[in-house]
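Engineer: Right, I'll just put the structure down here and ask away after.
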Amino acid sequence: MKKLLAMLLALVMTLALAACGGTTGTDTQGETPSGTNDAAQTEDKLAVALVVAGTFGDRSFYDSSKAGVDRLAADFEKIDVKTIECNNENHDQQLRNAADSAKIVVAVGWEFYNIETIAPEYPDVDFIWIDNATSAPVSNVLNITYAQNEGSFLVGYVAAKMSESGVVGAVGGEDSATINDFIVGFTQGAKHANADIKVETIYSNTYDDPAIGKECAITLNDKGADVIFQIASKCGDGVFEAGAERGFYAIGVDSDQKYIADDVIICSMMKEVGTSIYDAVKAYVGGDKSLWGTTWVADMSNGYVGVGYGDEGATQQVSDEIKAEVESLKASIVDGSIVVETTR
Amino acid sequence: MDEILRHIFSAGTFNQMLRSATPVALAAMGGLLTEHAGIMNIGMDGMILMGAFIGVLGSYLCASAAMGVASAVLLGVAVGLFFALFVVKFKSDEFIIGCALNTFAAGLTAYLSRSIFGLSGTSGHDIAHLPTVHLDFLDAIPFFGEILNDNSFFIYLTWGLVALMWVFVYKTPCGFWIRAAGEKPETLRTAGISPERMKWIASILCGICCGLAGAHLSLGYLNGSFVEGMSNSRGYIAFACVIFGAANPAKAYIAALMFGFFDALGYRLQSYISSDLTSIIPYLITVVMMVYVVVRGQRKKTTLRTNTTAQKE
């Protein structure tokens, strides 16, 4: 009898959990985790599903994508937005769940590499894959990759100009091609500003543990780095904390993170994930589907990658002089006179 | 080579060892009690995660880090009761309940942090955090002073707790009964003391220790921020420390320090070897530790057997 009761209670607990995690419907859309969805069938509504590999709340990459679809929902009445967070697991299944109930599926994160085989199973659904590209073009997949190396080049230049110790650092989330693309750009930019600069890098090997991010930043600071670039999602919060405690500067990533710690973050490497999703879906709504089946590189020339110095009124550590130099470098990258290395 | 060694064995390394060992050690202090009481507690990770969240929440609502710690302790009591209810009262499988607790904690904290703090988590909210302690006399000591000074208040508290736990487990009747509840429950019952009651006590104290570990993680280690999944397997490492230290508080603390040390070492070795390899180090150490524990256990058994045969002869 007691065992039965225990089992029942355990079941209740699991169900409670199921209710907690999983799909979060935004806006007017109800919470339908999978299966057929009425919204997909009604002619006038366009269901857009945003699937992120991690979770929201990073105030960077994923939150930027969320801001993009939220803007879509606000600007286009016929667009219904639904979001799914994979929490770093079941990427394929969540992608299918999204495709079951939406017309456009936006997959955010390099982890969705099985999109190559999943997308052809859903010929009526159009996919957008953020941050990576299929090995061969798939007719209903639009790949959007970002020239993060170009943006990182600029912040690397700023870092080297701001450094007094002659050492700058970067905290990467893991030793992977995408993260290293930031790092090579950062290193090249730093060397461009000061050929003698030392660039120290460290990988946190996790994206969700700010305590580890903090330790990584302190380790780099112990090595003399006084400007540290964070490329590690939520670990970055720890990098900013360490900067405030130890008195070094930090550089934000993906979104303009200046507002998080005004006096620590001198600038941010901006990757306009949200804007690019917005523009792609806007083109789709306007009837232009020519982008699908291709890889769109969002780079500095089309304005999707750049440097942010925070909103107006934010404390500015970077002098106008350096900012002007950054602008001229930007022009040189766009016209091709500076070629930034890449790992892709 | 000399420079590499100086870099690897700097004061910073040992300072980091202390910092990353503390949350693990705090949880291990609780884990060793349940281990003594004969409960395999793998739910510590979830307990830490909930402690971390409730600590931040308490601190946020009351604008005081002390209240944050107090609410984490209260939560620890509640979680301990909850755990004991299933494991002791309903005699469910502790492994399953531990797993359930971990997943439950992950879901609950994610849900609550979003509904209370909004989509972006707790970061962005100004949350009171625990102070760091500066001791003037330590400034005079070169290397060790640097390591021991200016740490979070909880690091010093942990030392006290380790000593206290040692006294409790080995020198008080209650500690003795808890150990008996795990090793020889029938004997304890014969002596008129309920082993179940001891298990309840061990679970609650474990909940409190894990709550403290969580509060330290979010309020002491970090300056008042919660991130989903921030316990990052520290509960499992704490469990490994308990097993490795044979549930002895001092040994478990040393095991935690060892983990902290290899963690710190890993980050410094990244300059020389691939980060994929350095991230294996803590887990490699776990495996080595476990092998050691098994071998040690086997040897003890063999000695015991030889002794009994010798006595018979």
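The values are calculated or read from the model by the stated rules, or taken from the named source; none is laboratory data. None of the values given here were measured: they were computed from a predicted structure. Ideal geometry is used to build each Cβ from the backbone, glycine not excepted, and the neighbour counts take in all protein chains shown. Ligands, DNA and RNA are stripped out before the accessible areas are found, and what is left, the full protein with its side chains, is counted by its heavy atoms. Shrake-Rupley method; radii C 1.70, N 1.55, O 1.52, S 1.80 Å.
Engineer: Anything in the stretch B:25-44 that is open to solvent by less than 10 Å² (accessible area, probe 1.4 Å) and of a type in the set (A, V, I, L, M)? List them, or say none.
Structural biologist: Result: B:25, B:26, B:27, B:28, B:29, B:32, B:33, B:37, B:39, B:44.
Engineer: Follow-up question, since we're still on this one. When you look at residue A:259, is it open to solvent by 10 Å² or more (accessible area, probe 1.4 Å) and at pLDDT 95 or above, yes or no?
Structural biologist: Here the answer is no, as residue A:259 does not meet what is asked.
Engineer: For residues that are closer than 14 Å to residue B:241 by Cα and open to solvent by 60 Å² or more (accessible area, probe 1.4 Å), scanning just the stretch B:259-289, find the one that is farthest from the other protein chains (Cβ to nearest Cβ).
Structural biologist: The extreme case among them is B:288.
Engineer: From the residues in the stretch B:64-81 that are open to solvent by 20 Å² or more (accessible area, probe 1.4 Å) and more than 19 Å from the chain's Cα centre (by Cα), which one is farthest from residue B:51 (Cα to Cα)?
Structural biologist: Among those residues, the one meeting the criterion is B:64.
Engineer: (1) out of contact with any strand residue (DSSP E or B) (no Cβ under 7 Å at 6 or more places or on another chain); (2) aliphatic (A, V, I, L, M); (3) in contact (Cβ under 8 Å) with a residue 40 or more places away in the chain: which one isn't true of residue B:130, the others all being true?
Structural biologist: In the conditions (1) out of contact with any strand residue (DSSP E or B) (no Cβ under 7 Å at 6 or more places or on another chain); (2) aliphatic (A, V, I, L, M); (3) in contact (Cβ under 8 Å) with a residue 40 or more places away in the chain, residue B:130 misses (1) alone.
Engineer: Condition test on residue B:70, is it at positive phi and more than 14 Å from chain A (Cβ to nearest Cβ)?
Structural biologist: It is false that residue B:70 is at positive phi and more than 14 Å from chain A (Cβ to nearest Cβ).
Engineer: What pairs can you find where one residue is in the stretch B:185-210 and closer than 19 Å to residue B:69 by Cα, the other is open to solvent by 70 Å² or more (accessible area, probe 1.4 Å) and not basic (Lys, Arg), and their Cβ atoms are less than 7 Å apart, with a gap of 6+ or different chains?
Structural biologist: Sorted first by the residue in the stretch B:185-210, then by its partner, the pairs are B:204/B:81.
Engineer: Residues that are in contact (Cβ under 8 Å) with a residue 60 or more places away in the chain and either under 30 Å from residue B:156 (Cβ atoms) or among the small types (Gly, Ala, Ser) (or both): does the stretch B:289-312 have at least one?
Structural biologist: The answer is no, given that none of the residues of the stretch B:289-312 is in contact (Cβ under 8 Å) with a residue 60 or more places away in the chain and either under 30 Å from residue B:156 (Cβ atoms) or among the small types (Gly, Ala, Ser) (or both).
Engineer: Could you list all residues from the stretch A:146-161 that are of a type in the set (A, V, I, L, M) and crowded, with 24+ Cβ neighbours inside 10 Å?
Structural biologist: Within the stretch A:146-161, A:154, A:155, A:158, A:159, A:160 meet the criteria.
Engineer: Give the residues of the stretch A:295-344 that are part of a helix (DSSP H, G or I) and free of Cβ contacts under 8 Å to residues at least 24 places away in the same chain, sorted by residue number.
Structural biologist: Answer for the stretch A:295-344, where residues must be part of a helix (DSSP H, G or I) and free of Cβ contacts under 8 Å to residues at least 24 places away in the same chain: A:320, A:321, A:323, A:324, A:327, A:328, A:331, A:332, A:335.
Engineer: Then there is this: Only one of (1) assigned to a helix (DSSP H, G or I); (2) at pLDDT below 80 is not met by residue B:126, so which one is it?
Structural biologist: Here residue B:126 clears every test but (1).
Engineer: How many of the residues making up the stretch A:213-232 are at the interface with chain B (Cβ under 9 Å from one of its Cβ atoms), open to solvent by 10 Å² or more (accessible area, probe 1.4 Å) and touching a residue at least 40 places away in the same chain (Cβ under 8 Å)?
Structural biologist: Of the residues in the stretch A:213-232, 2 are at the interface with chain B (Cβ under 9 Å from one of its Cβ atoms), open to solvent by 10 Å² or more (accessible area, probe 1.4 Å) and touching a residue at least 40 places away in the same chain (Cβ under 8 Å).
Engineer: Could you list all residues from the stretch A:107-125 that are open to solvent by 50 Å² or more (accessible area, probe 1.4 Å) and in contact (Cβ under 8 Å) with a residue 60 or more places away in the chain?
Structural biologist: A:110
Engineer: Could you please let me know if residue A:74 is open to solvent by 10 Å² or more (accessible area, probe 1.4 Å), assigned to a helix (DSSP H, G or I), under 29 Å from residue B:228 (Cα atoms) and without any contact (Cβ under 8 Å) to a residue 24 or more places away in the chain?
Structural biologist: yes
Engineer: Anything in the stretch B:172-226 that is open to solvent by 10 Å² or more (accessible area, probe 1.4 Å) and among the β-branched types (Val, Ile, Thr)? List them, or say none.
Structural biologist: Once the filter is applied, which keeps residues that are open to solvent by 10 Å² or more (accessible area, probe 1.4 Å) and among the β-branched types (Val, Ile, Thr), the stretch B:172-226 yields B:172, B:187, B:190, B:193, B:201, B:204, B:208.
Engineer: For the stretch A:190-212, which residues satisfy the criterion of being of a type in the set (Val, Ile, Thr) and within 11 Å of chain B (Cβ to nearest Cβ)?
Structural biologist: Selection gives A:201, A:202, A:206, A:212.
Engineer: Name the residue that is nearest to residue A:297 (Cα to Cα), counting only residues in the stretch A:126-143 that are in contact with a helix residue (DSSP H, G or I) (Cβ under 6 Å, 6 or more places away or on another chain) and surrounded by fewer than 23 Cβ atoms within 10 Å (Cβ to Cβ).
Structural biologist: A:134
Engineer: Give me the helices (runs of 4 or more DSSP H) completely within the stretch B:130-230, filtered to those with at least 2 residues that are under 22 Å from the mean Cα position of the chain (by Cα) and closer than 30 Å to residue A:233 by Cβ, ordered by residue number.
Structural biologist: Of the helices (runs of 4 or more DSSP H) lying wholly inside the stretch B:130-230, those with at least 2 residues that are under 22 Å from the mean Cα position of the chain (by Cα) and closer than 30 Å to residue A:233 by Cβ span B:153-171, B:195-215.
Engineer: Of everything in the stretch B:291-313 that's of a type in the set (A, V, I, L, M) and modelled with pLDDT under 80, which residue is surrounded by the fewest Cβ atoms within 10 Å (Cβ to Cβ)?
Structural biologist: Restricting to residues being of a type in the set (A, V, I, L, M) and modelled with pLDDT under 80, the top hit is B:310.
Engineer: Just checking, how many residues over the stretch A:238-287 are within 11 Å of chain B (Cβ to nearest Cβ), assigned to a helix (DSSP H, G or I) and in contact (Cβ under 8 Å) with a residue 60 or more places away in the chain?
Structural biologist: Adding up the residues that qualify gives 1.
Engineer: Looking at this structure, is residue B:147 open to solvent by 50 Å² or more (accessible area, probe 1.4 Å) and either within 15 Å of residue B:207 (Cα to Cα) or in contact (Cβ under 8 Å) with a residue 12 or more places away in the chain (or both)?
Structural biologist: Considered against the rule, which asks whether it is open to solvent by 50 Å² or more (accessible area, probe 1.4 Å) and either within 15 Å of residue B:207 (Cα to Cα) or in contact (Cβ under 8 Å) with a residue 12 or more places away in the chain (or both), residue B:147 comes out as no.
Engineer: Also, I was wondering about something else. Looking at (1) open to solvent by 30 Å² or more (accessible area, probe 1.4 Å); (2) at pLDDT 90 or above, can you tell me which one residue A:291 breaks?
Structural biologist: Of everything listed in (1) open to solvent by 30 Å² or more (accessible area, probe 1.4 Å); (2) at pLDDT 90 or above, residue A:291 misses just condition (2).
Engineer: Can you name the residue in the stretch B:95-113 that is in contact with a Phe, Trp or Tyr (Cβ under 8 Å, 6 or more places away or on another chain) and over 19 Å from residue B:213 (Cα atoms) and is also surrounded by the fewest Cβ atoms within 10 Å (Cβ to Cβ) among such residues?
Structural biologist: B:112
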